[in-house]
Amino acid sequence: MTKTVLVSGASGFIGSHVAARLAEGGYRVRAMTRHPREYRGAGEPVEADVSDPAGLARAFAGADAAYYLVHSLGSDDFEHRDADAARNFAEAAAAAHLERIVYLGGLGSGDGKLSAHLRSRREVEKILRAGPVPVTVLRAAVVIGHGGISWEITRQLADRLPAMVTPRWVRTRTQPIALPDAVRYLTGVLEPEEARGRTYEIGGPEVLRYIDMLQRVARIRGSRLPNLTVPLLTPRLSSAWLKFVTDVDLATARNLVDSMATEVVVRDDAITRLLPGEPIGYDEAVRLALAERAKATGHVRARAAR
């Protein structure tokens, strides 16, 4: 029997690709969005919002499994909003007797040093798992792909600055993952029985500092990016600096900067045994993201010219 899978955040960066991959795999995809008339992605659009329990109940009716791929990073009160949203989602999933929820959270050691953003991601895990529906959690750091906020910051910094005066967090280690690999893992854990209720850490083959990522993007783009780190550039000044040189809004910049001071690397590679395959390296992930951006902007220009 064909399974019906609800994908929350189906019009977003990760959700749109998950929905497309599931549809290609033969699943009946229910694409959850606040604006169904504007939805152009894979699956059948269904109007719902994680803040509206009644709308969630309608969206969940008849579903077998669900993906939780939403967050409120652009809000100053995102921790409160995300917690409430997770409770609504868990209750709707329980009422619909779902087989499984798949959730994408954030990497981090969990030793009490997590940023507010990563702490919120971990709290959402706990709330979802408090219900009766088994939850499979995947934790990731930066996902390299066109449309991702963290990737866009990296690309814009590498593109726009001839040299960088940077805060200390650029020397924090992280383990970026290519978008195709993240989507492969997210969709791959939907069926295996051994993945029910498990937590997996996902990442690419390289552990890099943020400055390494920036300089390698610049090199791929055919330029160099000299850097001078300024230790006294505080988180507040750092987020204002990001807002000044990129398109990201101030609230998102502030929340991301807090997370960038936390080392986020894979410490358990169990996912590679469940779903084996050669992961995409950082440079190739960057090239794929740049190619997808060029394709997307080309389509926009073509429509504008008509």
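Quick notes on this structure:
- Residue tally, condition of a type in the set (Phe, Trp, Tyr), over 17 Å from the mean Cα position of the chain (by Cα) and within 18 Å of ARG184 (Cβ to Cβ), over the range 1-54: 1
- Residue in the range 147-156 that is assigned to a loop (DSSP other than H, G, I, E, B) and either modelled with pLDDT under 95 or surrounded by fewer than 22 Cβ atoms within 10 Å (Cβ to Cβ) (or both) present: yes
- Which listed residue, of VAL18, VAL70, VAL29, VAL46, is out of contact with any Cys (no Cβ under 6 Å at 6 or more places or on another chain) and assigned to a loop (DSSP other than H, G, I, E, B): VAL70
- Restricting attention to the range 199-231, the residues being at pLDDT below 90, surrounded by fewer than 18 Cβ atoms within 10 Å (Cβ to Cβ) and assigned to a loop (DSSP other than H, G, I, E, B) number 7.
- Test result for LEU98, at pLDDT 95 or above and either in contact with a strand residue (DSSP E or B) (Cβ under 9 Å, 6 or more places away or on another chain) or closer than 29 Å to VAL264 by Cα (or both): yes
- Flag for TYR103 being crowded, with 22+ Cβ neighbours inside 10 Å, out of contact with any Asp or Glu (no Cβ under 7 Å at 6 or more places or on another chain) and among the hydroxyl-bearing types (Ser, Thr, Tyr): no
- Within the range 111-131, the presence of at least one residue that is under 19 Å from the mean Cα position of the chain (by Cα) and in a loop (DSSP other than H, G, I, E, B) is confirmed.
The values are calculated or read from the model by the stated rules, or taken from the named source; none is laboratory data. Keep in mind that this is a model prediction, so the values were computed, not measured. Cβ atoms come from the backbone with ideal geometry, glycine included; neighbour counts cover every protein chain shown.
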